[in-house]
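Reading through the structure tokens given below for one structure.
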Amino acid sequence: MDKKLLIIDGMNLIRRFYAALESEPDLSRRVERTQSIAIDTLAKLTIQFEPSYAVVVFDSNGKTWRHEVYPEYKLGRVPMDDQLLESLSEFAKVFRFNGLHCLRLDGWEADDLIATLAVKASQNHIRSYIVSTDKGFTQLLGDEQIYQYDYFAKLGYDKAWVPGKYGVEPDQLVDYWALVGDTTNRIPGVKGIGPKTAMGIIEDFPTIEDIYANLSSFPERIQNMLSGGRDQCLLSRSLVALKTDVNIGVRLSQLRYLSKATV
């Protein structure tokens, strides 16, 4: 049987479940219900994917390297309720009790840890399934050993899905987002350049460096939009690009999944 690594974006799941329970007036009860739903969901996912390895990855508290590079990163995003924030250690404790490893590293977003784990697994011929609705992970799908799964839509995404969604290949997405921006994380693109224009630009010149080295090749309207934006594009690309070489200090063998039935 092929080895599989199940990587769960912990906060992506938890915050969505918590938001869905906004009608619950008792915050303690709301957290308890969120925890119960999350445990049930993780059980379903392990049954569905039958992983050899499994891990739930959490964001660290406070600022990360992206905030240091660009202070406006995620500025204005609605903060997590204190009640939920303070309960995250309990979520991790219960997840571990149910046989799932949990990972969190100070100063790092879960996205970079997840990307690093998936790429490391691929290098060891292990297929990864990233459970998250975060579009940022689609940049990893150029690797045919890496898949993404949206639990809420019950949809899986692979390399072949990306061009139909964005009009570019997975390895071109970071340059594409550098042009159009990422409003979710408050990362700016080039003013006036939308998805359709960005697709046309990248079709001719696939990287920011290529684009600005051939600026005179574009119509005057596009030249005017791009003019003076090279540094911002390079910064935006660095922010949207996931790190795949974080020194996590965890071996894949330490993430082996043993269901309750096999323990």
### Summary
Quick tally, 1.4 Å probe accessible area for CYS102, CYS233, sorted with the most first, runs CYS102, CYS233
### Query
Quick one: how many Å² of LYS159 are accessible to a 1.4 Å probe, rounded to 10?
80
### Query
At a Förster distance of 30 Å, what's the computed FRET efficiency of ARG251 paired with ARG186, Cβ-Cβ distance as r, to 0.05?
0.25
### Task
Could you work out which residue, out of VAL69, VAL168, VAL78, moves most in a Gaussian network model of the chain, that is, has the largest mean-square fluctuation with Cα springs under 10 Å?
VAL78
### Summary
Taking alpha-carbon centroids only, region 190-263 lies from region 1-64 a number of Å equal to 27
### Query
Roughly how tilted is helix 230-240, in degrees to the nearest 10 and between 0 and 90, from the longest Cα axis of the chain?
10
### Task
Using +1 at the Cβ of each Lys and Arg and -1 at the Cβ of each Asp and Glu in the chain, identify which of LEU226, SER259, GLN172 lies farthest towards the dipole's positive end.
SER259
#### Entry: By accessible area with a 1.4 Å probe, ligands and nucleic acids excluded, highest first: order of HIS125, HIS67
HIS125, HIS67
### Query
Once you charge only the Cβ atoms, +1 for Lys and Arg and -1 for Asp and Glu, what is the size of the charge dipole of region 59-174 about its Cα centre, to the nearest 20 debye?
260
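Can you tell me the accessible area per residue over the chain, all protein chains present, probe 1.4 angstrom, in square angstrom? Write down the numbers at each step before the final one.
On the way: 13510 Å² over 263 residues.
Ligands and nucleic acids excluded, the figure is 51 Å² per residue.
For region 139-223, compute the orientation-averaged projected area of the C-alpha convex hull (one quarter of its surface), in nm².
So the mean shadow area of the Cα hull is 6.3 nm².
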### Message
Under a Cβ-only charge scheme (Lys and Arg +1, Asp and Glu -1), can you give me the dipole magnitude of the chain about the Cα centre, in debye to the nearest 20?
### Response
600
### Query
Can you give the relative contact order of region 66-209 as a percent, counting alpha carbon pairs under 8 Å and 6+ residues apart?
17
### Task
Mind ranking 7-18, 173-184 by how tightly packed they are, going by the mean number of other C-beta atoms within 10 angstrom, highest first?
7-18, 173-184
### Task
Leaving ligands, DNA and RNA out of it, report the carbon-plus-sulfur percent of the accessible area of region 205-262 at a 1.4 Å probe.
47
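The values are calculated or read from the model by the stated rules, or taken from the named source; none is laboratory data. The structure presented is a predicted model; accordingly, all values stated were derived computationally and were not measured. Backbone-built Cβ (ideal geometry, glycine too); neighbour counts: all protein chains shown. For the accessible areas, the whole protein counts, side chains as well, though only heavy atoms, and no ligand, DNA or RNA atoms are used. Shrake-Rupley method; radii C 1.70, N 1.55, O 1.52, S 1.80 Å.
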